[in-house]
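Let me begin by presenting the structure, written as structure tokens, before commenting on it.
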Amino acid sequence: MKASNLKLSELVDFKEGFLNLHGRRLVIHDIHAVAQFRKEIIEKSGKDIARKILTRFGYFEGQADAAAMRRLFKWDSVQEWIKAGSRLQTLQGVARANFKKLQYDPEEKKFYAELKWLDSAEAEEHIIELGYAQEPVCWILTGYISGYVSFCLDKEVYFIEEKCRGKEDNFCLAVGKDIDSWGEELESCIEFFRGEDILGKVKELSHELKEKDKKLLAHQQKLDGLMPRLAAEHVEIHSESFRRVLEAASRVAQFDTYVLISGESGAGKEVLARYIHRSSPRAKMPFVAINCGALPETLLEGELFGYKAGAFTGAYKEKRGLFEEADGGIIFLDEIGDVSPAMQVKLLRVLQEREVLRLGENIPRKINVRVIAATNRNLHNEVAHGNFREDLYYRLAVVEIDIPPLRNRSDDIVPLTRYFVRKISKKLGIPNLHIDAACIDYLTGYSWPGNIRELENTIERAAVFSRDGLITVSSLPRKIIDSAPPPVNGNNLGDIPLDELERRHILAALEKHNGNKTRTAEALGISTVTLWRKLSKL
């Protein structure tokens with residue numbers, strides 16, 4: 001899971017009278033009411049007492065959110081888990097938070113970060129009732145991120161605000177360090193953070209909520225067992241591999257040349273072909289698609305080229321073929337690798353001469369058609385084994401675009417899921433359809449052998465079994481729930497030595513990042529030098 005994938009509508013169950021974050025009840029407060037409350041505390045208790053109260057309030061909330069994020073998701077790295085804290089501040093509307101720097105050395109237990117807040121609501125609250133201050137005033141924000149990161153690292157980490165809108169700076173900026181890295185500067189601030197055993201209370205609360213989630217999931221699955229079993233359009237693209245596919249498609253769309261799209265079944269070959277059509281000079285002309293593997297040779301020939309009345313039994317009137325229907329536009333020949341050798345010869349003639357001959361006629365008809373073909377076969381191998389004509393292959397594959405399977409572009413699973421939720425919401429007439437954030441890890445952890453088509457069908461199936469428009473983990477198919485890897489904790493590690501665990505973790509991260517050591521080190525939260533040293537030991 002990446003912090004950028006967090007979305008408010010998937011984290012919180014919005015019900016009238018009860019906002020629920022997986023067992024934690026949330027409430028909404030008005031900024032002016034909070035500003036008045038802040039003023040009352042400061043005037044009646046003094047600035048130092050007020051700062052302690054608000055800082056500790058933020059600290060406790062930060063620890064609770066960090067515990068919730070650990071309970072709900074499997075993070076790509078500790079850094080992503082930490083970034084989720086700033087993402088939550090943004091989603092909660094308290095500020096637009098973003099880490100300018102984030103450095104963590106797990107071996108040395110050293111932490112350093114610079115967190116920038118834009119449009120701090122807390123600074124605005126202070127200005128509304130008390131005017132501009134001489135010192136930074138974002139006490140809840142600094143308490144929150146200090147508590148959040150301390151929980152993540154299981155070590156005291158404190159953030160001190162250096163710039164603040166509350167004292168007429170353009171933005172708010174806090175510097176965070178582990179307790180061992182702070183010097184004398186921390187001594188005057190640390191008293192505002194420390195109170196009762198906040199961490200112990202948060203862990204106890206987190207354990208209770210986790211047990212409650214397990215019971216709710218088991219109850220939901222029991223209810224589901226009683227029910228009968230039912231058998232790149234406007235989508236954000238996050239994966240680099242599919243960005244390259246779209247870049248190639250956008251480029252080739254401008255030129256009137258043939259394209260061969262390859263990829264596994266369900267990977268989105270026709271969707272990409274339609275994208276090329278919409279982006280091409282032929283966008284206002286027809287787009288005609290046919291699955292060449294779905295028809296026997298005799299029917300396919302008639303569908304593609306047309307026929308004269310009386311050309312064969314049942315041909316009561318003449319028919320224009322799909323090549324003629326697509327005149328001026330694009331014809332999409334899906335599963336071109338499944339056509340017979342005889343049909344390959346006829347297709348080659350059409351592509352070379354740019355004319356078709358209807359069945360039963362002797363006079364060819366000129367056509368102006370751009371051809372896009374697609375296959376789930378490896379046509380290189382098919383040509384080598386004599387199953388596909390080499391001249392036809394090179395005629396079709398002037399430009400060849402290979403679509404990676406969904407399992408190799410896991411960064412796109414979340415935006416695709418959200419797109420299908422919106423699409424299926426309209427299709428099934430479920431206006432408030434949304435997905436629980438707990439589903440994300442299960443969806444991203446599944447291999448998707450059926451690719452995008454399987455993902456869409458899964459979301460539709462989950463929508464059918466959703467309650468009150470909320471897709472939960474229990475709405476997902478059993479195979480997806482069962483395929484999710486178990487979380488790494490002390491209960492399922494057995495007696496595996498620590499060195500072996502580290503070895504497995506490093507090699508898994510290296511494989512995930514395709515051998516890129518810089519990205520692997522970043523994901524593991526260590527320097528490249530440390531990674532090289534560990535790899536040499538392996």
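One table, with the values for the structure above:
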quantity: Boolean, Thr520 is at pLDDT below 90 and either in a helix (DSSP H, G or I) or basic (Lys, Arg) (or both); calculated: yes
quantity: Some residue of the stretch 63-78 being charged (D, E, K, R), modelled with pLDDT under 90, touching a strand residue (DSSP E or B) at 6+ places or on another chain (Cβ under 6 Å) and outside any strand (DSSP E or B); calculated: no
quantity: Members of the stretch 144-166 found to be open to solvent by 10 Å² or more (accessible area, probe 1.4 Å) and either within 26 Å of Ala35 (Cβ to Cβ) or modelled with pLDDT of 95 or more (or both), listed by number; calculated: Ile160, Glu161, Glu162, Lys163, Arg165
quantity: Some residue of the stretch 453-466 being assigned to a loop (DSSP other than H, G, I, E, B) and either on the phi > 0 side of the Ramachandran plot or open to solvent by 50 Å² or more (accessible area, probe 1.4 Å) (or both); calculated: no
quantity: Where a residue in the stretch 278-306 is modelled with pLDDT of 90 or more and its partner, wherever it lies, is surrounded by fewer than 17 Cβ atoms within 10 Å (Cβ to Cβ) and in a loop (DSSP other than H, G, I, E, B), with Cβ under 6 Å and at least six apart; calculated: Met285/Gly328
quantity: Failed item, numbered, when Lys83 is tested on (1) open to solvent by 40 Å² or more (accessible area, probe 1.4 Å); (2) touching a Ser or Thr at 6+ places or on another chain (Cβ under 6 Å); calculated: (2)
quantity: Any chance Leu141 is open to solvent by 20 Å² or more (accessible area, probe 1.4 Å), in contact with a helix residue (DSSP H, G or I) (Cβ under 9 Å, 6 or more places away or on another chain) and aliphatic (A, V, I, L, M); calculated: no
quantity: Residues within the stretch 1-31 that are assigned to a strand (DSSP E or B) and open to solvent by 30 Å² or more (accessible area, probe 1.4 Å), tallied; calculated: 8
quantity: Search result, residues across the stretch 336-385 that are of a type in the set (Gly, Ala, Ser) and over 21 Å from Ile261 (Cα atoms); calculated: Ala342, Gly360
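The values are calculated or read from the model by the stated rules, or taken from the named source; none is laboratory data. These figures come from a predicted structure and were not determined experimentally. We place every Cβ from the backbone using ideal geometry, glycine too, and count neighbours over all the protein chains shown. For accessibility, only protein heavy atoms count, side chains too; no ligands or nucleic acids. Shrake-Rupley method; radii C 1.70, N 1.55, O 1.52, S 1.80 Å.
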